[in-house]
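Working notes for the structure below.
The values are calculated or read from the model by the stated rules, or taken from the named source; none is laboratory data. As the structure is a prediction and not an experimental result, all values here were calculated from the model. Because the Cβ atoms are built from the backbone with ideal geometry, glycine has one as well, and the counts that use them run over all protein chains shown. What goes into the accessible areas is simple: the full protein's heavy atoms, side chains included, and nothing from ligands, DNA or RNA. Shrake-Rupley method; radii C 1.70, N 1.55, O 1.52, S 1.80 Å.
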Amino acid sequence: MIGFIGAGSIGGAVITGMIKNGFEADNIVVKGGHSNRTILLGEQLGFKVVKRVKQLEDAEVIFIAVGATALDSVLKELKEIVAGKLVVAFTGSASITHLKQVLGDVKVAHAIPNTPVKIGAGFTGITYSDNFTDDDKKKVISILGYIGQLVEVPENQLGILGTVAGCSPAFLDVFIEALSDAGVKHGLNRKLAYEAAIGMAIGASKLAKQSELNVSALKDEVTSPGGSTIRGVAALEENGFRNAVIKAVDAAEND
């Protein structure tokens, strides 16, 4: 059995992605907050909902998916039952050092998922404490593998990886919306414009992932001399597109 503390935006997305992609709902127990959101999600997906952290004492792995302001109070409750368990925190401020300071000498990990985990297409960076064994890692991978790609990185890279993978779905949404607006401006109806932009994003992403070429070479493949695509790329550069993306990441990284 595994336990979750919190089923909000990220916790709910992870749980949904796991169950929708084959993880048994009967093996998930979730301690929710004060709203009915967790109860409603439990009714939809079939997992068990409990009221107290102590009721997760039978879980082998516990995932913490609460906001930064609630983290310490959750950790203090969790400390009473944490012996022998694996703890994975999704909270951005939940460093390995801080988790061990509060919980003691237990096996902890810090992970940052992005929202596409909800459909099993997520990208999650993770850092493990030194006492995590290879078997422990395999156990976590066997669970989070249901929600997409899991990549282990040093903790000093986890923040920027989380920004690039975690904030960028919103950046891509803005790009898709802008493409759709351009399509409407030139005569497409809104529905078709969105379908074209979203279909492009899915296809181009799959091609970039599966191709042996890097994205620069893939771009070169469709920018024929004097063609419309290279004129569009030049317009993006002229209007600071690349710099705008870098500045967006810079802004997201600044506390």
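Within segment 1-152, antiparallel bridges make up roughly 15 percent of the DSSP beta bridges whose residues both belong there.
Based on DSSP H segments of at least four residues, each scored -39500 (n - 2.57), the chain has a per-residue ellipticity at 222 nm of -16000 deg cm²/dmol. Result for the chain in a Gaussian network model with C-alpha springs under 10 Å: among V140, V215, V74, the largest mean-square fluctuation is at V215.
Note on the chain: with a GNM built from Cα contacts shorter than 10 Å, the maximum mean-square fluctuation among S224, S35, S93 falls on S224.
Accessible area per residue was computed with a 1.4 Å probe on protein heavy atoms; T97 scores about 90 Å². With contacts taken as Cα pairs under 8 Å and at least 6 residues apart, segment 1-73 reaches a relative contact order of 45 percent.
Entry comment: accessible area of segment 143-255 is 69 Å² per residue, from protein heavy atoms only and a probe of 1.4 Å. The residues H110, H34, H98, sorted by heavy-atom accessible surface at 1.4 Å with ligands and nucleic acids left out, run H34, H98, H110 from largest to smallest.
For segment 125-172, just say rounded, prolate or oblate: build the C-alpha gyration tensor, square-root its eigenvalues into a ≥ b ≥ c, call rounded for a/c under 1.5, and beyond that prolate if a/b exceeds b/c, oblate if not.
Oblate is the answer for segment 125-172, as a/c is 1.5 or above yet b/c matches or exceeds a/b.
Contact order, relative form, for the chain: 14 percent (alpha carbon pairs under 8 Å, 6 or more residues apart, mean separation divided by residue count).
Each of (i) 1.04; (ii) 0.93; (iii) 1.00 is a candidate for Rg/Rh (Cα atoms, Kirkwood Rh); the one calculated from this structure is (i). Of the solvent-accessible surface of the chain, computed with a 1.4 Å probe and all protein chains present, 54% belongs to carbon and sulfur. At the residue level, T69 shows approximately 140 square angstrom of accessible surface with a 1.4 angstrom probe and all protein chains present. Pairs exceeding a 18 Å alpha-carbon distance, out of K185/K219; K51/K76; K118/K247: K185/K219; K118/K247. A quarter of the convex hull surface defined by the alpha-carbon atoms of segment 36-86 gives 4.0 nm² as the mean projection. Going by accessible surface with a 1.4 Å probe and the largest first, I202, I19, I126, I160 read I202, I160, I19, I126. Could you calculate the FRET efficiency of N254 with K79 from 1/(1 + (r/R0)^6), where r is the beta carbon distance between them and R0 is 45 Å, rounded to 0.05? That pair, N254 with K79, gives E of 0.90.
Taking the centroid of alpha carbons for each part, segment 86-123 and segment 161-202 are 30 Å apart. Using Cα springs under 10 Å in a Gaussian network model of the chain, which residue among Q44, Q55, Q149 shows the largest mean-square fluctuation? Comparing Q44, Q55, Q149 in a Gaussian network model of the chain, the most mobile one is Q44.
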